[in-house]
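Asks: Quick one: this structure, given as structure tokens, is what I'll be asking you about.
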Amino acid sequence: MSSELLNYVPAVGLFQDRVILVTGAASGVGEAVALAYAQFGATVVLLDKNVPKLEALYDRIVEAGYPEPAIYPLDLQTANQDHYQTLAEVVKEQLGRLDGLVLNAAWLAAYMPLKLHDVDLWSNMITINLHANFLIIRACLPLLEQASDPAIIFSTDVSNKAYQGAYGVSKAALDSLCDIVASEYDNSSHFIRVNRINTGPLL
């Protein structure tokens with residue numbers, strides 16, 4: 001990665017009047033990303049299942065003088081397609097638009113060999129890390145198609161190693177989903193910038 005990219009600082013107000021939805025916004029990378037978007041002018045939709053942490057992040061953003069965010073509590077493990085469709089409808093009704101989608105939420109329950117992998121745990125990790133992302137994208141694409149400069153960012157991880165189990169499989173499939181969406185929207189009529197970011201290990 002070039003030093004120019006590493007040292008890049010966005011212009012003040014770069015995301016003014018933009019609406020960005022961030023999943024897994026209550027902590028970690030999602031929290032940092034949401035704060036950064038707000039700092040540079042975006043109205044951020046904070047999506048996570050942890051309401052107290054979302055409320056604390058909401059307060060930090062408002063107290064800093066950034067645009068007021070929106071809190072959207074949702075458990076990706078139990079949500080179905082109707083919940084995601086309602087999410088898109090609420091964003092449209094209350095905020096009028098959606099310019100960006102940051103697919104950050106993920107869950108790694110445990111490292112374990114496949115022969116010991118609990119079946120329900122496997123299903124839950126696939127649901128949160130893969131299926132939920134498909135459902136969010138599917139619900140939000142009509143809004144993104146209406147934006148002037150829409151973007152989708154996938155948080156990825158190279159996890160095709162021993163004991164990664166469902167997490168590794170879901171992340172590999174997420175890479176394929178990213179490529180599919182990017183290919184389908186690489187056209188002049190409904191162009192959407194689609195990228196993946198692998199932050200590497202975090203302390």
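The values are calculated or read from the model by the stated rules, or taken from the named source; none is laboratory data. Computed from a prediction, not measured in an experiment: that's the story for all the values here. Using ideal geometry, Cβ is built from the backbone for each residue, glycine included, and neighbour counts are taken over all protein chains shown. Ligands, DNA and RNA are excluded from the accessible area calculation, which covers all protein heavy atoms including side chains. Shrake-Rupley method; radii C 1.70, N 1.55, O 1.52, S 1.80 Å.
Asks: I'm told ILE197 meets every condition in (1) at pLDDT 95 or above; (2) surrounded by fewer than 16 Cβ atoms within 10 Å (Cβ to Cβ) except one. Can you identify the failing condition by its number?
Replies: (1)
Asks: Looking at (1) in a loop (DSSP other than H, G, I, E, B); (2) closer than 26 Å to LEU14 by Cα, can you tell me which one PHE154 breaks?
Replies: Result: PHE154 fails condition (1) only.
Asks: Report, by residue number, each residue of the stretch 120-136 that is crowded, with 20+ Cβ neighbours inside 10 Å and of a type in the set (Val, Ile, Thr).
Replies: Once the filter is applied, which keeps residues that are crowded, with 20+ Cβ neighbours inside 10 Å and of a type in the set (Val, Ile, Thr), the stretch 120-136 yields ILE128, ILE136.
Asks: Taking the residues in the stretch 9-35 that are of a type in the set (Val, Ile, Thr) and over 17 Å from ASP59 (Cα atoms) as candidates, determine which candidate is most open to solvent (accessible area, probe 1.4 Å).
Replies: VAL12
Asks: Which of the residues spanning the stretch 97-119 are crowded, with 19+ Cβ neighbours inside 10 Å and either within 10 Å of the chain's Cα centre (by Cα) or part of a helix (DSSP H, G or I) (or both)?
Replies: GLY100, LEU101, VAL102, LEU103, ASN104, ALA105, ALA106
Asks: Which pairs turn up if I take residues in the stretch 171-186 that are touching a residue at least 12 places away in the same chain (Cβ under 8 Å) and among the β-branched types (Val, Ile, Thr) and look for partners that are open to solvent by 40 Å² or more (accessible area, probe 1.4 Å) and in a helix (DSSP H, G or I) with beta carbon separation below 8 Å, at least 6 apart in sequence or on another chain?
Replies: Hits for this filter: zero, empty list.
Asks: Part of a strand (DSSP E or B) and open to solvent by 50 Å² or more (accessible area, probe 1.4 Å) - does that describe any residue in the stretch 59-72?
Replies: Yes, the conditions are met somewhere in the stretch 59-72.
Asks: Here is a follow-up. If I filter the stretch 24-31 for residues that are of a type outside the set (Gly, Ala, Ser) and closer than 22 Å to TYR8 by Cα, do I get at least one hit?
Replies: yes
Asks: Which of the residues that make up the stretch 183-194 are at pLDDT 95 or above and over 10 Å from ALA151 (Cα atoms)?
Replies: SER183, GLU184, TYR185, ASP186
Asks: From SER170, SER155, SER159, which residue is in contact with a His (Cβ under 9 Å, 6 or more places away or on another chain), of a type in the set (S, T, N, Q) and surrounded by 13 or more Cβ atoms within 10 Å (Cβ to Cβ)?
Replies: Within the list SER170, SER155, SER159, the selection yields SER170.
Asks: From the list ASP120, ASP17, ASP48, exactly one residue is acidic (Asp, Glu) and touching a residue at least 40 places away in the same chain (Cβ under 8 Å). Which is it?
Replies: From the options ASP120, ASP17, ASP48, the qualifying one is ASP48.
Asks: In addition: Somewhere in the stretch 27-34, is a residue more than 25 Å from ALA106 (Cα to Cα) and of a type outside the set (Lys, Arg)?
Replies: no
Asks: What residue, among those in the stretch 36-58 that are open to solvent by 50 Å² or more (accessible area, probe 1.4 Å) and touching a Ser or Thr at 6+ places or on another chain (Cβ under 8 Å), is farthest from ALA105 (Cα to Cα)?
Replies: Checking each candidate, the answer is LYS53.
Asks: Let me ask you something else. If you check ALA79, ALA38, ALA32, which single one turns out to be touching a residue at least 12 places away in the same chain (Cβ under 8 Å), hydrophobic (A, V, I, L, M, F, W, C) and not in a loop (DSSP other than H, G, I, E, B)?
Replies: ALA38
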